[in-house]
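*Asks:* The structure follows.
The values are calculated or read from the model by the stated rules, or taken from the named source; none is laboratory data. Note that this is a predicted model, so its numbers are computed, not measured. For neighbour counting, all protein chains shown are included, and Cβ atoms are generated from backbone atoms with ideal geometry for every residue, glycine included.
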């Protein structure tokens, strides 16, 4: 039979399952358990897994993430895609010692977090270090503070930007999960209001590209997001924001105002850009089937040619490399490591 996805080697899945000593039924049960833990809707019966292994059905993104967790591997090794020449290494295998007590617990957790961030993130230079190192220190401090009653930490506002389908929301959730910082997603906060406003202005509720949306609606969405973040910070709550921030991160004046306002509150600002390849972004947009992506998918060539997937915007402090889903796979593995470490 003809394999439609370039580089797909379905037999690799069977090889990993057999190496793990799992039947189709046992693998299905474990995949369903992983799906339940992550709120992924996975039927994962033996028929579905058999189709994946025979190449009759290509696993969608949540199945691939679940397989990667089950077999402690990455999409390249599991045969879901060929490794491009510009990608080196693989998702690291983290040695999880099982439940451990303090201080070993904190040491192992810090190691897992540090390994993840070092692998997927790079930062701009700042003095003798990098902004990635600064962010890493804040994340580790926040993680440790969650287990010390009365512990205080530096307030931080983290912006996570990226194109549609890049994985920015998943990475923002990952940061929120390990730090305990509040998580705010622009689409979740403003979608309903934005759609009603577009209709009231005579537009398409799913429009995210016209001049009407860009001039009349988009600025209000970002104003709502930022004001909510400032309210959190005023209450002493560090916050992670997920939004494209494509225009904002190109405006030096906008970033300067943000940094000045936060500095007056004693808040540090970290700006993260999630980089991804166009094929992975398109696949995820098709998978989630969000009406707001309709124009992009219908005009894919024009849209893809209009975005820069090679360079981060000038205002970015840290770039997370999520090409081919590598960063999110690492985040999944790190979450699992931390979950198993918890006493």
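*Asks:* Residues in segment 191-207: is at least one farther than 24 Å from residue 325 by Cβ, under 20 Å from the mean Cα position of the chain (by Cα), assigned to a helix (DSSP H, G or I) and assigned by TED's automatic domain parsing to the domain that holds residue 286?
*Replies:* Looking through segment 191-207, at least one residue is farther than 24 Å from residue 325 by Cβ, under 20 Å from the mean Cα position of the chain (by Cα), assigned to a helix (DSSP H, G or I) and assigned by TED's automatic domain parsing to the domain that holds residue 286.
*Asks:* While we're here: Would you check which residues across segment 208-222 are assigned to a helix (DSSP H, G or I) and either under 23 Å from the mean Cα position of the chain (by Cα) or not assigned by TED's automatic domain parsing to the domain that holds residue 293 (or both) and list them?
*Replies:* 218, 221, 222, listed by residue number.
*Asks:* Pick from 242, 306: which is in the same structural domain as residue 210 (by TED's automatic domain parsing) and closer than 19 Å to residue 138 by Cβ?
*Replies:* 242
For every residue, the table says whether it meets (1) within 21 Å of the chain's Cα centre (by Cα); (2) within 30 Å of residue 116 (Cα to Cα).
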{"position": "268", "(1), (2)": "no, yes"}
{"position": "280", "(1), (2)": "yes, yes"}
{"position": "284", "(1), (2)": "yes, yes"}
{"position": "306", "(1), (2)": "no, no"}
{"position": "311", "(1), (2)": "yes, yes"}
{"position": "321", "(1), (2)": "yes, yes"}
{"position": "337", "(1), (2)": "yes, yes"}
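*Asks:* Something else about it: Of the conditions (1) buried (at least 17 other Cβ atoms within 10 Å of the Cβ); (2) in a helix (DSSP H, G or I), residue 25 clears all except one; give me its number.
*Replies:* For residue 25, the failing item is (1).
Table: residues versus (1) within 23 Å of residue 73 (Cα to Cα); (2) modelled with pLDDT of 95 or more; (3) crowded, with 17+ Cβ neighbours inside 10 Å.
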| residue | (1), (2), (3) |
| --- | --- |
| 233 | no, yes, yes |
| 257 | no, yes, no |
| 262 | no, yes, yes |
| 271 | no, yes, yes |
| 276 | yes, yes, yes |
| 310 | no, no, no |
| 314 | no, no, no |
| 326 | yes, no, yes |
| 342 | yes, no, no |
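*Asks:* Which number in (1) touching a residue at least 12 places away in the same chain (Cβ under 8 Å); (2) under 27 Å from the mean Cα position of the chain (by Cα); (3) surrounded by fewer than 18 Cβ atoms within 10 Å (Cβ to Cβ); (4) assigned to a loop (DSSP other than H, G, I, E, B) marks the one condition that residue 56 misses?
*Replies:* (2)
*Asks:* Residue 162 versus (1) closer than 22 Å to residue 140 by Cα; (2) surrounded by 23 or more Cβ atoms within 10 Å (Cβ to Cβ): which is the lone unmet condition?
*Replies:* Condition (1) is where residue 162 drops out.
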